[in-house]
Structures are given as structure tokens and as C-alpha cells.
Amino acid sequence: LMAITSTLMFLPMNFSFRAGEMRDIEAMYALDQICFQRIFAFTKATFRYLAANCDNISIVAESRAGSLAGFAILEIHPPDSTCLTTIDIHPDFRRKGLGSHLLQHALKIASGRGLFKTHLQVYVGNEAAIAFYLGFGYCIEEYLPDFYARGVDACLMSFEVHFPAESIHEIRDYQ
Ligand SMILES: CC(C)(COP(=O)(O)OP(=O)(O)OC[C@H]1O[C@@H](n2cnc3c(N)ncnc32)[C@H](O)[C@@H]1OP(=O)(O)O)[C@@H](O)C(=O)NCCC(=O)NCCS
């Protein structure tokens, strides 16, 4: 409990959170280039496409210095589902609970809109991310052979969220 409390206390003081906007595209692209090898990284066109869709749930975390520390983007899959398109945390800010905080915040916004199911694809070799998602509550549904390229497989992971109603109401839906 001590560890959880100190993580939660650490976060709001050190980061500010807001909705992702068009003006974030360059910084998102740059951070994505740092976070992912070439075949997994998104193009600027993909970030433009994601930012242009106002239904998407996109949250950015800025450090005190104003740099982009991390972001998460959920795409809506009607009627009741979301897909975690990406979550990127700058290497300087990992293992501080920021990824968990961003993902939880985004999923609570989704829950507030009645979107309780969520899924994602992740490279089978991305052990850090798979550990992160399993710890968060996601389960591995199936393996998707050749998902990214020939011989580069993905895991399909999914999760149905059940946040207490009061914790959804207290969260700010930035959109
Ligand atoms: C995966 C990622 C989003 C995790 O972000 P983060 O802010 O470091 O995650 P958190 O600090 O909230 O970690 C929560 C828990 O997840 C697990 N976890 C996170 N990173 C891990 C790692 N490298 N190895 C093992 N477990 C890890 C741990 O259980 C951790 O709790 P602990 O630090 O108390 O042990 C981050 O490493 C990242 O951006 N990676 C590069 C981009 C990427 O792969 N994104 C996912 C693509 S699908």
C-alpha cells in the first residue's frame, strides 16, 4: 500500500495531463521513434489520422519542464469497445507508474462513455509491455502470426474494465 500511495502522490506533482491535440503530432512522432523499432513505429500520417478523429481518447502527460513524458491513444470500436492504439512513455520516465496512470485514466474515460471492453495487439517479443499489460489486468487471447511482418507475430490481449462508478465520475473527460 505504501508503494501504491507514493506512486499516486508522485504523479500529479510531476506531470500534467491533458487531451492530445494536433499540435502534439511532432512530439508524439518523435517519442514514438524513441520507443519503437522501425517496423513498429507509426508514421506522421498515422498520428495525423489519429489526432483528426475527435472520438479517439488521447491523453498526454507533460513533465514539469514541459516535455512530452508519455501519451496513450484509445480508438473507439462501437458499440462497447476500445483498442489501445499505442502507449508511449519516454525512457526517462518509465517504472514510475506513469504508463499505468495514463492507461487507467484513458480506460476510465472510455468507461464513462459505456465502452467497457478493450483490446490491443503487442509484439510477442515486447516483454516489458506484455508484463505491463498482464499486471494491469489484460489477458492474452491469441497469437496473431505475421501480424507486423513475415515472422513478426503479435499477441492479441483483451480486458473488460470494471471501475467503481465514483472513480469514473471523478475522472475528467478532456474531449
Ligand atoms: C510498456 C510501457 C508503456 C510501461 O510504462 P511505464 O510507465 O514504465 O509502466 P509503469 O511504471 O506504470 O509499470 C507498471 C508495472 O508494469 C510492469 N512493467 C513495466 N515495465 C516493465 C519492464 N520493463 N519489465 C517488466 N515489467 C514491467 C511492472 O510490473 C510495473 O510495476 P513495478 O514498476 O512496480 O514493478 C513503457 O515501458 C513503454 O513506453 N515502452 C515502450 C513503448 C511500448 O512498448 N508500448 C507498448 C506497445 S503495445
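The values are calculated or read from the model by the stated rules, or taken from the named source; none is laboratory data. Every value quoted in this text rests on a predicted model; they were computed, and no experiment measured them. Cβ atoms come from the backbone with ideal geometry, glycine included; neighbour counts cover every protein chain shown.
Worth pointing out:
- Number of the exception - T85 against (1) near the ligand (Cβ under 8 Å from one of its atoms); (2) assigned to a strand (DSSP E or B): (1)
- Check on F10, at pLDDT 95 or above and not small (G, A, S): no
- Filter result for F159 (in a strand (DSSP E or B) and surrounded by fewer than 17 Cβ atoms within 10 Å (Cβ to Cβ)): no
- Residue match in the range 94-101 (condition: in a strand (DSSP E or B), modelled with pLDDT of 95 or more and among the basic types (K, R)): no
- Test result for F47, farther than 17 Å from Q104 by Cα, surrounded by 12 or more Cβ atoms within 10 Å (Cβ to Cβ), at pLDDT 95 or above and out of contact with any Asp or Glu (no Cβ under 7 Å at 6 or more places or on another chain): yes
- Residue ID - farthest from the ligand (Cβ to nearest atom), chosen from residues in the range 115-130 that are within 12 Å of T82 (Cα to Cα) and among the aliphatic types (A, V, I, L, M): L115
- Count of residues meeting criterion [part of a strand (DSSP E or B) and either under 20 Å from A51 (Cα atoms) or of a type in the set (S, T, Y) (or both)] in the range 102-118: 1
- When the range 35-56 is limited to residues that are touching a strand residue (DSSP E or B) at 6+ places or on another chain (Cβ under 8 Å) and in a helix (DSSP H, G or I), the one that is nearest to D92 (Cα to Cα) turns out to be C35.
- Within the range 121-175, the residues that satisfy the criterion of being of a type in the set (S, T, N, Q) and within 17 Å of the chain's Cα centre (by Cα) are Q121, N126, S158, Q175.
- Against the list (1) in contact with a strand residue (DSSP E or B) (Cβ under 9 Å, 6 or more places away or on another chain); (2) under 20 Å from E170 (Cβ atoms), the condition G97 fails is (1).
- Residues (within 11 Å of the ligand (Cβ to nearest atom) and closer than 15 Å to T82 by Cα) located in the range 138-164: Y138, M157
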